[in-house]
Amino acid sequence: MSGERVVLVYSLFGSAEQARAVARTLVEERLAACANILGPCTSIYEWQGKVAEGAEVPILFKTSADRRDALMARIAQLHDYDLPAILALPVDAAHPPFAAWVAEQLA
């Protein structure tokens, strides 16, 4: 992958529709090679002094190390949450043909 590493970026969205729209935009903009929209989950957290519970839709974005920061910034721009969770997860290793595909998708 030309010295680049595959990186996973994780975020949560308030609806499947928003998750799909953001995922499609980021793949079209070549900031993510792929976006895996996972099944709905229940999140429990404290917000504005109260414990809240709600359904959210997680996404795993696959990108390269050099696109990670731009991807995270764009997720923040597109997100409808005041404070979205946007986390980069390290990848210890990737199957070389897959890593090459990621690089090709982002070119």
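List of remarks:
- Being under 11 Å from the mean Cα position of the chain (by Cα) and within 16 Å of A107 (Cβ to Cβ) holds for only one residue in L12, L26, L8, and it is L26.
- Test: residue in segment 36-48 that is open to solvent by less than 80 Å² (accessible area, probe 1.4 Å), at negative phi, among the aliphatic types (A, V, I, L, M) and modelled with pLDDT of 95 or more: yes
- Odd one out for A73, checked against (1) hydrophobic (A, V, I, L, M, F, W, C); (2) open to solvent by 50 Å² or more (accessible area, probe 1.4 Å); (3) touching a Ser or Thr at 6+ places or on another chain (Cβ under 9 Å): (3)
- Residues of segment 57-107 that turn out to be modelled with pLDDT of 95 or more, within 10 Å of V6 (Cβ to Cβ) and among the β-branched types (V, I, T), as a count: 2
- Of all residues in segment 83-107, those that are more than 20 Å from V22 (Cα to Cα) and in contact (Cβ under 8 Å) with a residue 40 or more places away in the chain have Cβ atoms under 8 Å from Cβ atoms of residues that are of a type in the set (S, T, Y) and open to solvent by 90 Å² or more (accessible area, probe 1.4 Å), 6 or more apart or on another chain, in A103/S2.
The values are calculated or read from the model by the stated rules, or taken from the named source; none is laboratory data. Because the structure is a prediction, the values reported are computed rather than measured. Glycine gets a Cβ as well: all are built from the backbone with ideal geometry, and neighbour counts include every protein chain shown. Ligands, DNA and RNA are stripped out before the accessible areas are found, and what is left, the full protein with its side chains, is counted by its heavy atoms. Shrake-Rupley method; radii C 1.70, N 1.55, O 1.52, S 1.80 Å.
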